[in-house]
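**Student:** Quick one: this structure, given as structure tokens, is what I'll be asking you about.
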Amino acid sequence: MGSNASVKDILGELEKGSYISLLSDLISESQYVQNNPPDLVPQEDLVGAHVRGVLDPYSTENGGPLIIKQVNYTPGRGHLIIRYPGADSAKVVSFVGSHMDVVPADPSAWTFNPFSLSISGDQLRGRGTTDCLGHVALLTELLKKLAQTKLKLKNSVVVIFIVSEENSSIPGIGVEQLWKDGYFNDLKGGPLYWVDTADSQPCIGTGGTIPWFIKTTGHLFHSGLPNKAINALELAMDALKPIQLNFYKDFPPHPKEQEYKFETPSTMKPTQWSYPGGGLNQIPGECSLAGDVRLTPFYDVNDVVAKISGYVNYINEHVEDLESRGPVSKYTLPDEGLRGKLEVSYGELISGIACDLNSRGYKVLYNATKEVIGEVNPYSITGSLPLVKDLQENGYDVQTIGYGLTATYHANDEYCNYSDMANGYKVFASIISQLEEDY
């Protein structure tokens, strides 16, 4: 292709009417792609059908340039891999990670219908506008424009719209399976942009996630005879505090967190509490706590799991030494040979990423953001993204970006700004242009 400017000129700007029409179609499916199994199992093929409705006329099957592949590991939930081929098969820029499911929405808590696109000034409102159907529509429009203009590029442009395995009871259906099956093998020849963050600025760091589950077992008894009970609720409270204190001692704020502009250090906290139930006059013998660790990428998730398991083992061996809550609040009953006990287990571990700030991918993103937005204010967050660490460790130049709004991410009354998405289109066009100039 010719000059940098000519690539951007040909790609032009996001076509507002076309974008809003497609986004409206996608948001109309958001009710059916809510992700909270077993009650809400997303059917991403409904979103994929609208994407294919726009892009199939430009597919190789219909005489166009786009190579479109759908990969389903379970019915109704398919990934879409779309390639606009360039002249050099070894060179590629990829935009990956925009997922086709949404978090649940309770219409009674919204001031507008979450499952129908509405517009208020610059705001495009509805569930999935910010996370992440707005990005699906944006990248679909970019691919359509490439196909319409028939730009002769050196680099291939690849977009992968993904199925999320998060919350799923069916393993092996998410983007990690695409990776294992080799669908990322030819994406190492250029930057890989993970398009699932927010605020129109480079997200240069993400957090690891460790879901944890602690069950406490005591001894159920009548509340009038507390000396005969081991209160599982009190055990949970008194055991969790030293576990958290030890975590913060072993994983303190890391010096690189300031360099990467993380708002928070690593954290461990409970988010759920349950017990089997019983009368007010019963001291419960069982209790369950659950929560997560959010870990900055300068620590290893496996080290944290080993440490937490060690804390729990120590407490089980020394449960009589736990701080308690009164003269008959205790965690052993020697005469009965009973001891309070903790059991810990873990969900899927996700590692965070610190992006390479010296890579070509970051420099191109930096330049494009400066050119379009006018300033570059990179940030980091302990939200997590799947697969990115594995990709980076295997030699991929992974960068993360997004054009929704953190303020409405997963929130009631979710919206994005059309102007932000239009800027995102221009940033992507600039990225493609800059990489063409490398030749």
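**Student:** Here are some residues: Gly190, Gly205. Which one is part of a loop (DSSP other than H, G, I, E, B) and open to solvent by less than 40 Å² (accessible area, probe 1.4 Å)?
**Tutor:** Of Gly190, Gly205, the one residue that is part of a loop (DSSP other than H, G, I, E, B) and open to solvent by less than 40 Å² (accessible area, probe 1.4 Å) is Gly190.
**Student:** Taking segment 325-345 as the search range and keeping residues that are in a helix (DSSP H, G or I) and among the acidic types (Asp, Glu), which one is surrounded by the most Cβ atoms within 10 Å (Cβ to Cβ)?
**Tutor:** Quick first cut of segment 325-345, residues in a helix (DSSP H, G or I) only: 334-336.
When the remaining residues are screened for being among the acidic types (Asp, Glu), the result is 335-336.
Working: Asp335: 7, Glu336: 10.
Applying the filter and picking the extreme gives Glu336.
**Student:** Just the residues that are in a strand (DSSP E or B) and of a type in the set (Ser, Thr, Tyr), please, taken from segment 153-187.
**Tutor:** Ser156
**Student:** With the requirement that a residue be in contact with a Ser or Thr (Cβ under 8 Å, 6 or more places away or on another chain) and either hydroxyl-bearing (Ser, Thr, Tyr) or closer than 20 Å to Tyr73 by Cβ (or both), what does segment 26-40 give you?
**Tutor:** As a first pass, look at segment 26-40 and keep what is in contact with a Ser or Thr (Cβ under 8 Å, 6 or more places away or on another chain): 27-28, 35, 37-38.
Ser28, Asn35, Pro37, Pro38 - these are the residues of segment 26-40 that are in contact with a Ser or Thr (Cβ under 8 Å, 6 or more places away or on another chain) and either hydroxyl-bearing (Ser, Thr, Tyr) or closer than 20 Å to Tyr73 by Cβ (or both).
**Student:** Could you give every pair whose Cβ atoms fall below 8 Å, whose first residue belongs to segment 108-120 and is of a type in the set (D, E, K, R), and whose second residue is surrounded by fewer than 16 Cβ atoms within 10 Å (Cβ to Cβ) and assigned to a strand (DSSP E or B), counting only separations of at least 6 or pairs across chains?
**Tutor:** none
Conditions tested, residue by residue: (1) aromatic (Phe, Trp, Tyr); (2) more than 20 Å from Gly424 (Cβ to Cβ); (3) in contact with an Asp or Glu (Cβ under 6 Å, 6 or more places away or on another chain); (4) in the same structural domain as Trp179 (by the TED database).
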{"residue": "Glu15", "(1), (2), (3), (4)": "no, no, no, yes"}
{"residue": "Ile20", "(1), (2), (3), (4)": "no, no, no, yes"}
{"residue": "Asp45", "(1), (2), (3), (4)": "no, yes, no, yes"}
{"residue": "Val51", "(1), (2), (3), (4)": "no, no, no, yes"}
{"residue": "Tyr58", "(1), (2), (3), (4)": "yes, yes, no, yes"}
{"residue": "Glu61", "(1), (2), (3), (4)": "no, yes, no, yes"}
{"residue": "Leu66", "(1), (2), (3), (4)": "no, yes, no, yes"}
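**Student:** Test of understanding: among Gly86, Gly48, which residue is in contact (Cβ under 8 Å) with a residue 60 or more places away in the chain and open to solvent by 10 Å² or more (accessible area, probe 1.4 Å)?
**Tutor:** Just one listed residue meets the conditions, Gly86.
**Student:** Right, here's the next one. Check segment 114-136 and report whether any residue there is over 19 Å from Asp413 (Cα atoms), modelled with pLDDT of 95 or more and of a type in the set (A, V, I, L, M).
**Tutor:** Within segment 114-136, one or more residues are over 19 Å from Asp413 (Cα atoms), modelled with pLDDT of 95 or more and of a type in the set (A, V, I, L, M).
**Student:** A further question on this structure: Whether any residue in segment 154-173 is polar (S, T, N, Q) and closer than 30 Å to Gln434 by Cβ is what I want to check.
**Tutor:** yes
**Student:** Also, quick follow-up: Pairs please, first residue from segment 59-80 and more than 24 Å from Gly174 (Cβ to Cβ), second anywhere and of a type outside the set (Val, Ile, Thr) and open to solvent by 70 Å² or more (accessible area, probe 1.4 Å), Cβ atoms under 8 Å, 6+ apart in sequence or on different chains.
**Tutor:** Qualifying pairs under 8 Å: Gly64/Pro57; Pro65/Lys150.
**Student:** How many residues are surrounded by fewer than 19 Cβ atoms within 10 Å (Cβ to Cβ) and part of a helix (DSSP H, G or I) if we restrict to segment 352-367?
**Tutor:** The total comes to 4.
**Student:** Can Glu13 be described as open to solvent by 20 Å² or more (accessible area, probe 1.4 Å), modelled with pLDDT of 95 or more and of a type outside the set (Val, Ile, Thr)? Before the answer, list the steps.
**Tutor:** On the way: open to solvent by 20 Å² or more (accessible area, probe 1.4 Å): yes; modelled with pLDDT of 95 or more: yes; of a type outside the set (Val, Ile, Thr): yes.
For Glu13, the condition - open to solvent by 20 Å² or more (accessible area, probe 1.4 Å), modelled with pLDDT of 95 or more and of a type outside the set (Val, Ile, Thr) - is met.
**Student:** Sticking with this one: For segment 372-393, which residues satisfy the criterion of being in a loop (DSSP other than H, G, I, E, B) and free of Cβ contacts under 8 Å to residues at least 12 places away in the same chain? Walk me through it before giving the result.
**Tutor:** Pass one, segment 372-393, residues in a loop (DSSP other than H, G, I, E, B): 374-378, 381-387.
Scanning segment 372-393 gives Gly374, Glu375.
**Student:** Having 2 or more residues that are closer than 16 Å to Met100 by Cβ is the bar; report the helices (runs of 4 or more DSSP H) wholly within segment 1-70 that clear it.
**Tutor:** 16-27, 45-55
**Student:** Please go through segment 297-324 and give me each residue that is among the hydroxyl-bearing types (Ser, Thr, Tyr) and in a helix (DSSP H, G or I), ordered by number. First the steps, then the outcome.
**Tutor:** Step one: list which residues in segment 297-324 are among the hydroxyl-bearing types (Ser, Thr, Tyr), which gives 299, 309, 311, 314, 324.
Result: Ser309, Tyr311, Tyr314.
**Student:** Checking Glu286 against (1) surrounded by fewer than 12 Cβ atoms within 10 Å (Cβ to Cβ); (2) within 23 Å of Met237 (Cβ to Cβ); (3) modelled with pLDDT of 95 or more, only one condition comes out false. Which one?
**Tutor:** Tallying (1) surrounded by fewer than 12 Cβ atoms within 10 Å (Cβ to Cβ); (2) within 23 Å of Met237 (Cβ to Cβ); (3) modelled with pLDDT of 95 or more, Glu286 fails exactly one: (1).
The values are calculated or read from the model by the stated rules, or taken from the named source; none is laboratory data. Computed from a predicted model, the values in this text were never measured in an experiment. Ideal geometry is used to build each Cβ from the backbone, glycine not excepted, and the neighbour counts take in all protein chains shown. Note: areas computed on protein heavy atoms with side chains; ligands, DNA, RNA excluded. Shrake-Rupley method; radii C 1.70, N 1.55, O 1.52, S 1.80 Å.
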